[in-house]
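Q: Shown below is the structure under consideration.
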Amino acid sequence: MPLSALRAVFVEALGLPPDTDVDALTYRSVPQWDSVAHMALIARLESRFDLMLETDEVLDLSSFARCREILAAHGCRFDD
Amino acid sequence: MTEAPVALVTGASRGIGLATARLLATRGYHLVLTGRTLSPALQAACDELTTPGLSPPLPLAVDLGEPSQIAAAFRALFSAHRRLDVLVNNAGELHEALIGMSPPGTIERMFAVNAAGSLHMLQGASRLMMRRQQGSIVNLGSVVAVQGSSGQIAYAASKAAVHGMTLAAARELGPRGIRVNAVAPGVVETELIADFGPERREALRRAASLGRLVRAEEVAAAIAFLAGPESSAITGQILGVDAGLVIPSP
Ligand SMILES: NC(=O)c1ccc[n+]([C@@H]2O[C@H](COP(=O)([O-])OP(=O)(O)OC[C@H]3O[C@@H](n4cnc5c(N)ncnc54)[C@H](OP(=O)(O)O)[C@@H]3O)[C@@H](O)[C@H]2O)c1
């Protein structure tokens, strides 16, 4: 799957401007990615990629890069 | 994804949970039914509630005192249905003991099952419900959470925790389209109170304004109301189903 699909989920779920440097995002690095938005992001990721994250993974998902690794462990690989 | 709404009822092998599962089956829900183990009673409930046109109820063994079993149950539910619309957070245990005679293990077990177990269930359910921005959670509180009961300190405290989590979750999950309510049954004629002798039952009957105990089906009716669309504007409420054991002052 193209990495742009993952970027699009972040932009939509967090309500970010389309030109945001999504690859550099970390939790709370922008005002839009707060704890409430984090749960919306998780819900969006789970529906979009049809998977279920463990609570530990929800807590560990602290950046775009880490998200990519966690989803890879669920069999979702993204090409640059 | 499953088309019809999906309801998860914990502790559905008997008592209030079974009565609720029976009622929800008549309202077109796909059922996921749990017990501590895959007991013959749980299997019988699934067989009884197999409805034409719907997938047969999915039985799952979940000891609420074991968080890893709760996580596994949500994985199984997700792979079967990929959605959850209703959680009836019903399973619970009662071990009575006077304050000075409550063993540490019993106190911890009451909190692990009734409080932490219910909270883990609520957590898992709300995560699945958030995807579709809708859902209804009904917790099982108790009259003893508000008025206490001699010999039930750990149980009463664990049920007070259920009332508290109902209110907190209703506030946090409302903006996500998820309603959270509880019923607070009085004394319901199920196996949970099998140890209550005739004199105690008579005293409890007399204490209730309606002069009687409560039937599991009566609690199930209140649960089904709070679970379903008829209560779409109701959240954060704890509904007494107690034959008038508690009449709150204004
Ligand atoms: N009966 C009352 O007077 C009364 C009053 C107020 C509140 N309540 C509450 O209503 C709920 C249902 O009570 P009930 O009267 O229907 O009780 P019940 O007849 O004793 O049934 C309890 C159900 O919960 C399950 N269960 C018990 N411990 C469990 C555990 N650790 N993990 C998973 N499942 C467990 C049992 O499964 P197994 O068959 O596998 O053991 C059974 O299906 C409870 O939360 C109870 O506290 C009851």
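The values are calculated or read from the model by the stated rules, or taken from the named source; none is laboratory data. Given the structure is predicted, the values throughout are model-derived calculations rather than measurements. Neighbour counts are summed over all protein chains in view; Cβ atoms, including those assigned to glycine, are modelled from backbone coordinates with ideal geometry.
Q: Scan B:Ala7, B:Ala61, B:Ala12 and give me the residue that is of a type in the set (Gly, Ala, Ser), under 26 Å from B:Arg131 (Cα atoms), within 11 Å of the ligand (Cβ to nearest atom) and touching a residue at least 60 places away in the same chain (Cβ under 8 Å).
A: Details: B:Ala7 fails: within 11 Å of the ligand (Cβ to nearest atom); B:Ala61 fails: touching a residue at least 60 places away in the same chain (Cβ under 8 Å).
When all the criteria are applied, what remains is B:Ala12.
Q: Let me ask something else about it. Return the residue satisfying two criteria in turn: it lies in the stretch B:189-200 and is within 13 Å of the ligand (Cβ to nearest atom) and of a type in the set (D, E, K, R), and of such residues it is farthest from the other protein chains (Cβ to nearest Cβ). Talk me through it step by step, then tell me what you get.
A: At the first step, the residues of the stretch B:189-200 found to be within 13 Å of the ligand (Cβ to nearest atom) are B:189-196, B:200.
Narrowing the set further to residues that are of a type in the set (D, E, K, R) leaves B:189, B:191, B:195, B:200.
On the way: B:Glu189: 37, B:Glu191: 32, B:Asp195: 37, B:Arg200: 42 Å.
By that ranking, first place goes to B:Arg200.
Q: Among (1) touching a residue at least 12 places away in the same chain (Cβ under 8 Å); (2) more than 10 Å from the ligand (Cβ to nearest atom); (3) within 14 Å of chain A (Cβ to nearest Cβ), there is one condition B:Ile70 misses while meeting the rest; what is its number?
A: All conditions are met except number (2).
Q: Right, another one. Out of B:Ser158, B:Ser136, B:Ser142, which single residue is surrounded by 21 or more Cβ atoms within 10 Å (Cβ to Cβ), more than 16 Å from the ligand (Cβ to nearest atom) and either modelled with pLDDT under 95 or not basic (Lys, Arg) (or both)?
A: Details: B:Ser158 fails: more than 16 Å from the ligand (Cβ to nearest atom); B:Ser142 fails: more than 16 Å from the ligand (Cβ to nearest atom).
The match here is B:Ser136.
Q: Of the residues A:Ala13, A:Ala24, which is away from chain B (no Cβ under 14 Å) and modelled with pLDDT of 95 or more? Before you say what the answer is, go through the steps one by one.
A: Numbers: A:Ala13 fails: away from chain B (no Cβ under 14 Å).
Sole residue among the options that is away from chain B (no Cβ under 14 Å) and modelled with pLDDT of 95 or more: A:Ala24.
Q: Looking at the structure I just gave you, is B:Ala169 away from the ligand (no atom under 13 Å from the Cβ) and closer than 29 Å to B:Gly105 by Cβ?
A: Taking the combined requirement at face value, the residue satisfies it.
Q: Name the one entry in B:Gly105, B:Gly135 that is free of Cβ contacts under 8 Å to residues at least 12 places away in the same chain and over 16 Å from B:Thr34 (Cα atoms).
A: Sole residue among the options that is free of Cβ contacts under 8 Å to residues at least 12 places away in the same chain and over 16 Å from B:Thr34 (Cα atoms): B:Gly105.
Q: In the stretch B:93-131, which residues are within 15 Å of the ligand (Cβ to nearest atom) and either of a type in the set (D, E, K, R) or at positive phi (or both)?
A: Passing the criteria: B:Glu93, B:Glu96, B:Glu108, B:Arg109.
Q: Here's a check for you: in the stretch A:46-55, which residue that is assigned to a helix (DSSP H, G or I) and at the interface with chain B (Cβ under 10 Å from one of its Cβ atoms) is surrounded by the fewest Cβ atoms within 10 Å (Cβ to Cβ)?
A: So in the stretch A:46-55, the residues assigned to a helix (DSSP H, G or I) come out as A:46-49, A:55.
So of that shortlist, the ones also at the interface with chain B (Cβ under 10 Å from one of its Cβ atoms) come out as A:46-48, A:55.
Values: A:Glu46: 20, A:Ser47: 16, A:Arg48: 17, A:Thr55: 13.
Within the stretch A:46-55, the match that is surrounded by the fewest Cβ atoms within 10 Å (Cβ to Cβ) is A:Thr55.
Q: Continuing with the same structure: Might you let me know whether the stretch B:76-91 holds any residue that is in a loop (DSSP other than H, G, I, E, B), within 14 Å of chain A (Cβ to nearest Cβ), away from the ligand (no atom under 13 Å from the Cβ) and under 22 Å from B:Leu119 (Cβ atoms)?
A: Of the stretch B:76-91, the ones in a loop (DSSP other than H, G, I, E, B) are B:82-85, B:90-91.
Next cut, within 14 Å of chain A (Cβ to nearest Cβ) only: B:82-84.
Subsequent filtering for residues that are away from the ligand (no atom under 13 Å from the Cβ) retains B:82-84.
Now narrow it down to the ones that are under 22 Å from B:Leu119 (Cβ atoms): B:83-84.
Yes, some residue in the stretch B:76-91 is in a loop (DSSP other than H, G, I, E, B), within 14 Å of chain A (Cβ to nearest Cβ), away from the ligand (no atom under 13 Å from the Cβ) and under 22 Å from B:Leu119 (Cβ atoms).
Q: Does B:Ala203 meet the test of being of a type in the set (A, V, I, L, M, F, W, C), away from the ligand (no atom under 13 Å from the Cβ) and within 30 Å of B:Gly100 (Cα to Cα)? Break it down stepwise before answering.
A: Details: of a type in the set (A, V, I, L, M, F, W, C): yes; away from the ligand (no atom under 13 Å from the Cβ): yes; within 30 Å of B:Gly100 (Cα to Cα): yes.
Taking the combined requirement at face value, the residue satisfies it.
Q: Here are B:Pro104, B:Pro52, B:Pro5, B:Pro57: which of them is surrounded by fewer than 21 Cβ atoms within 10 Å (Cβ to Cβ), under 29 Å from B:Ser232 (Cβ atoms) and either within 18 Å of the chain's Cα centre (by Cα) or more than 14 Å from every other protein chain (Cβ to nearest Cβ) (or both)? Give the steps one after another, and end with the answer.
A: Values: B:Pro104 fails: under 29 Å from B:Ser232 (Cβ atoms); B:Pro5 fails: surrounded by fewer than 21 Cβ atoms within 10 Å (Cβ to Cβ); B:Pro57 fails: surrounded by fewer than 21 Cβ atoms within 10 Å (Cβ to Cβ).
So the residue among B:Pro104, B:Pro52, B:Pro5, B:Pro57 that is surrounded by fewer than 21 Cβ atoms within 10 Å (Cβ to Cβ), under 29 Å from B:Ser232 (Cβ atoms) and either within 18 Å of the chain's Cα centre (by Cα) or more than 14 Å from every other protein chain (Cβ to nearest Cβ) (or both) is B:Pro52.
Q: Working only within the stretch B:20-34, note down all residues that are buried (at least 24 other Cβ atoms within 10 Å of the Cβ) and either more than 21 Å from B:Arg132 (Cα to Cα) or acidic (Asp, Glu) (or both).
A: B:Thr20, B:Ala21, B:Leu33, B:Thr34
Q: Right, next: Yes or no: B:Val187 touching a Gly at 6+ places or on another chain (Cβ under 6 Å) and touching a residue at least 24 places away in the same chain (Cβ under 8 Å)?
A: So B:Val187 fails the test.
Q: Mind telling me which of the residues B:Ala115, B:Ala145 ends up being under 18 Å from B:Ala243 (Cβ atoms), of a type in the set (A, V, I, L, M), more than 14 Å from every other protein chain (Cβ to nearest Cβ) and under 15 Å from the mean Cα position of the chain (by Cα)?
A: On the way: B:Ala115 fails: under 18 Å from B:Ala243 (Cβ atoms).
None of the others qualify; the one that does is B:Ala145.
Q: Follow-up question, since we're still on this one. Among the residues in the stretch B:31-43, are any away from the ligand (no atom under 16 Å from the Cβ) and either over 20 Å from B:Val183 (Cα atoms) or touching a residue at least 12 places away in the same chain (Cβ under 8 Å) (or both)? Break it down into steps so the answer makes sense when it comes.
A: The initial filter retains those residues of the stretch B:31-43 that are away from the ligand (no atom under 16 Å from the Cβ), namely none.
No, that holds for no residue.
Q: Looking only at the stretch B:179-187, decide whether some residue is within 11 Å of the ligand (Cβ to nearest atom), of a type in the set (Lys, Arg) and crowded, with 19+ Cβ neighbours inside 10 Å. Outline the logic, then answer.
A: Pass one, the stretch B:179-187, residues within 11 Å of the ligand (Cβ to nearest atom): B:182-187.
From what's left, of a type in the set (Lys, Arg): none.
Within the stretch B:179-187, none of the residues are within 11 Å of the ligand (Cβ to nearest atom), of a type in the set (Lys, Arg) and crowded, with 19+ Cβ neighbours inside 10 Å.
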